[in-house]
Amino acid sequence: MNRLVVNQVVKHFGDRTAVNGLRLEVGEGEIYGLLGANGAGKTTTMRMVLGLIMPDAGEITYLGKPYSKELLPLMGYLPEERGMYPKIKVSEQVVYLGQLRGMSRKDADRSLKYWLDRFDIPEHYDKKMEELSKGNQQKVQFIAAVIHSPKILVLDEAFSGLDPVNVELLKSTVKELRDGGTSILFSTHRMEHVEELCRNITIMHKSRPVLQGPVKEIKKKFPMERVMLSAEHPVEGLDKLPGVSSLVKHEHGYEMKISKPEVAQNILQHALAQGPIRRFELMEPSLNEIFIRTVGERHE
Amino acid sequence: MNNLWTVTAFTMRTKLRGKSFLTMTILISLLLVVGSNLPYLIDKMAKGGGAVKVGYAQGEQAEVMTALSGVLASLPEPKIELVPVETPKGETERSEAMKQAIEDKTIKGYLEFESAQGGSFPSVTYLSKKTLSEDASQQLQAALQTVKTDAAVKDANLTQEQLAKLSEPVAFDSIRLDELDGSGKTQEEKDTALLLTYVILILLFMSVMVSGQMIASEITSEKSSRVMEILVTSVAPLQQLFGRVLGTFVVAVLQLIVFVAVTVGNLSLPHNKDSFASLGIDFGNVDPLMLIFAVLLYLAGFFLYAMLFAAIGSIVSRTEDLGQAVMPITMITLAGFYIAIFGMNSPESSFITICSYIPFFSPFLLFLRIGLADPAWWEIALSVGILLASILAIGWLAAKIYRTGVLLYGKRPSIAELRKAMKAYKV
């Protein structure tokens, strides 16, 4: 049985529909990607999962049971809009939030110290939140979301506003949590993170799920139609080849759009005939492209 | 339940550690120390000042001046000391000499007489650099009046008996019927009750205003800093709301205890006893029932208003908008306070009686009525009943508004929008 099951959930706000017929399941040790443009219904979905608002139709179950207050200690939440108490010490507020999630003061304190060490910022234990840099504030907030080792974790734009080093640090932490069995509902606009982390995704558009499934299978549904080529010397006449619909010259090579995968072999032969080749790749469609195509097409 | 205490404890801890709490407590305590010693200090200064030296031209209006100094000397606490000043003849020279005497600090001011026509009593002017104090000027005027009456009586050739009859004051006393049979309150009890009412009114008003604003602004700042998002997903809003109100309440009461201790401590110092006794206030007269009602109504008033402030705080997203949003409640609090203050003069008027059934006003007015009027027990019960019922109703409503409001961002919602949101959120 899956940890978190969202079944045919519908939510209206007045005459506006925020979520319409969403279905998704998150298993143990899985990161589930929830994607969509701004206003697509992601936050409403997450709020329903967190029990802040009740769906108008459909149901959400956690470990097979409907929502109840007893589930609160099992859930963790990192909201998109970051914020803690600016004037209160890090230790004070994180321990408080841990206590609210059912931990004892002592356990919460120990867990906080572990995480601060883990993120290499143990010196901030006694500082006020407002004295921390933005990146460190985010780390503290992340700690607040996971301090009680939740079984179900909701991460809304977990990596926004972080520098690449810290993104890597948090990403590896999220992976570790996943490997530890946490079920994570993950929302982001950064497609490369989704490709790296998520097994299954849902792309939402205007309150409806428009594309769902395992990342690999979604990618298979989209034809491979991009070719990257770089060679020791300039390659002539690529745009004249049949089936090549566009050609872009980069600093270190060429990028082509092709109408069908077979055309790629012609390109390779054509280029080889002119000299040695350093790189040739028939590219999988990136999630970014898939997202833009799925959502963008419907925009019109 | 566990979380309720966690929220309460956190609210208390963060408040008690805050700098503003400590500063406020010390500052107000200092004010109270000064305030409670004020009657003594004023008394002390008045006594230390001694009598005002008032000069007069030697030889002028000799008859009046002799009589005047006689009257002043017979007073138990003369505030005026007459000092004869030798002056040359002539109007201007005389005033010059008097002014010189003031400069030399031999006198504070001087008297000038203007003879009236037909030999009647002259009009008197007191000239000085500083205004004569109220007491001294009254005494001087009364003494002059006596001198004048005596002179007039002498002219009319009245006998001593006739004079005594004339100056005998009318016997007038006002007694309420219930005072006669002992069921009512004595004047002393009333004076004490009046003071107590004053104190409770001010304490309640202050607590409500300070704590209420604090509760509202904290909830708003939790919303604007978005901690709220995490809070509402960790703890039931109802526990959050009540925990916060409870925590703030405990802190407010702790502060009150400090204030009351400072005041009572200062008042029971030996030198203050007399000052208060002279005002007709005796703390031994306080009816224990009054104190029970004071505590009960303070509690009720606090929670009623705290809930309202919390509800308002939860629908505002930015601290800047809060002042405007809490205005209606501030107005109601002010209205309750001022109705009570003005009602002290006529605690039995029907306006006060009616208002004491309105839950927003009853914490202020019911205490006033119990202290100064004699409401029937059923009136008290009805008033308290309405108040308690409204606290429950408002608490329930506030919890609903809070639950909805904390998730609404952006512009402050109208009542219709709030109702729509409540429906949508199914709270």
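When each of B:27, B:16 is tested for being farther than 26 Å from residue B:146 by Cβ, more than 14 Å from chain A (Cβ to nearest Cβ) and of a type in the set (A, V, I, L, M, F, W, C), the lone residue that passes is B:27. Got at least one residue in the range B:48-71 being more than 14 Å from every other protein chain (Cβ to nearest Cβ), basic (Lys, Arg), part of a loop (DSSP other than H, G, I, E, B) and touching a Ser or Thr at 6+ places or on another chain (Cβ under 8 Å)? Scanning the range B:48-71, I find no residue that is more than 14 Å from every other protein chain (Cβ to nearest Cβ), basic (Lys, Arg), part of a loop (DSSP other than H, G, I, E, B) and touching a Ser or Thr at 6+ places or on another chain (Cβ under 8 Å), so the answer is no.
Mind checking which residues of the range B:220-263 are of a type in the set (Ser, Thr, Tyr) and either more than 34 Å from the chain's Cα centre (by Cα) or within 8 Å of chain A (Cβ to nearest Cβ) (or both)? Spell out how you get there, then give the answer.
First pass over the range B:220-263, keeping only residues of a type in the set (Ser, Thr, Tyr): B:220-221, B:224-225, B:233-234, B:248, B:263.
Correct list: B:224, B:225, B:233, B:234.
Can you find, within the range A:1-34, the residue that is nearest to residue B:233 (Cα to Cα) among those that are away from every other protein chain (no Cβ under 14 Å) and part of a loop (DSSP other than H, G, I, E, B)? Can you show your working first?
Initially, the range A:1-34 is screened for residues away from every other protein chain (no Cβ under 14 Å), giving A:1-8, A:20-34.
Checking which are part of a loop (DSSP other than H, G, I, E, B) leaves us with A:1-3, A:27-30.
Values: A:1: 24, A:2: 22, A:3: 18, A:27: 21, A:28: 21, A:29: 22, A:30: 22 Å.
Result: A:3.
Residues are listed down the side, and each one gets a yes or a no for (1) part of a helix (DSSP H, G or I); (2) surrounded by 13 or more Cβ atoms within 10 Å (Cβ to Cβ); (3) within 9 Å of chain B (Cβ to nearest Cβ):
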site	(1), (2), (3)
A:54	no, yes, yes
A:58	no, yes, no
A:76	no, yes, yes
A:82	no, yes, yes
A:96	yes, yes, yes
A:106	yes, no, no
A:109	yes, yes, no
A:112	yes, yes, no
A:116	yes, yes, no
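The helices (runs of 4 or more DSSP H) falling completely within the range B:297-398 that include 3 or more residues that are assigned by TED's automatic domain parsing to the domain that holds residue B:218 and over 19 Å from the mean Cα position of the chain (by Cα) map to B:322-343, B:350-355. Evaluating residue A:120 against the criteria (1) surrounded by fewer than 18 Cβ atoms within 10 Å (Cβ to Cβ); (2) assigned to a helix (DSSP H, G or I); (3) among the charged types (D, E, K, R) leaves one unmet condition, (2).
Please enumerate the residues belonging to the range A:35-52 that are assigned to a loop (DSSP other than H, G, I, E, B) and away from chain B (no Cβ under 13 Å). If you could, list the steps in order and put the result at the bottom.
Keep residues of the range A:35-52 that are assigned to a loop (DSSP other than H, G, I, E, B), which gives A:37-41, A:50-52.
Within the range A:35-52, A:37, A:38, A:39, A:40, A:41 meet the criteria.
I'm trying to understand the selection: among the residues of the range A:265-300, which are without any contact (Cβ under 8 Å) to a residue 40 or more places away in the chain and among the hydrophobic types (A, V, I, L, M, F, W, C)? Passing the criteria: A:268, A:272, A:273, A:292. Residues in the range A:60-74 that are in contact (Cβ under 8 Å) with a residue 60 or more places away in the chain, more than 11 Å from chain B (Cβ to nearest Cβ) and not in a loop (DSSP other than H, G, I, E, B): 2 in all. Among the conditions (1) part of a helix (DSSP H, G or I); (2) out of contact with any Pro (no Cβ under 7 Å at 6 or more places or on another chain), the only one that residue A:219 does not satisfy is (2). Of all residues in the range A:244-264, those that are farther than 15 Å from residue A:285 by Cβ have Cβ atoms under 8 Å from Cβ atoms of residues that are assigned to a loop (DSSP other than H, G, I, E, B) and β-branched (Val, Ile, Thr), 6 or more apart or on another chain, in A:254/A:235.
Would a scan of the range B:228-246 turn up a residue that is modelled with pLDDT of 90 or more, part of a helix (DSSP H, G or I) and aromatic (Phe, Trp, Tyr)? Within the range B:228-246, none of the residues are modelled with pLDDT of 90 or more, part of a helix (DSSP H, G or I) and aromatic (Phe, Trp, Tyr).
Got at least one residue in the range B:99-112 being under 29 Å from residue B:167 (Cβ atoms) and either touching a Pro at 6+ places or on another chain (Cβ under 6 Å) or not polar (S, T, N, Q) (or both)? Scanning the range B:99-112, I find at least one residue that is under 29 Å from residue B:167 (Cβ atoms) and either touching a Pro at 6+ places or on another chain (Cβ under 6 Å) or not polar (S, T, N, Q) (or both), so the answer is yes.
The values are calculated or read from the model by the stated rules, or taken from the named source; none is laboratory data. Please read these numbers as outputs of a predicted model, since none were measured by experiment. Note: ideal-geometry Cβ built from the backbone for every residue, glycine included; neighbour counts use all protein chains shown.
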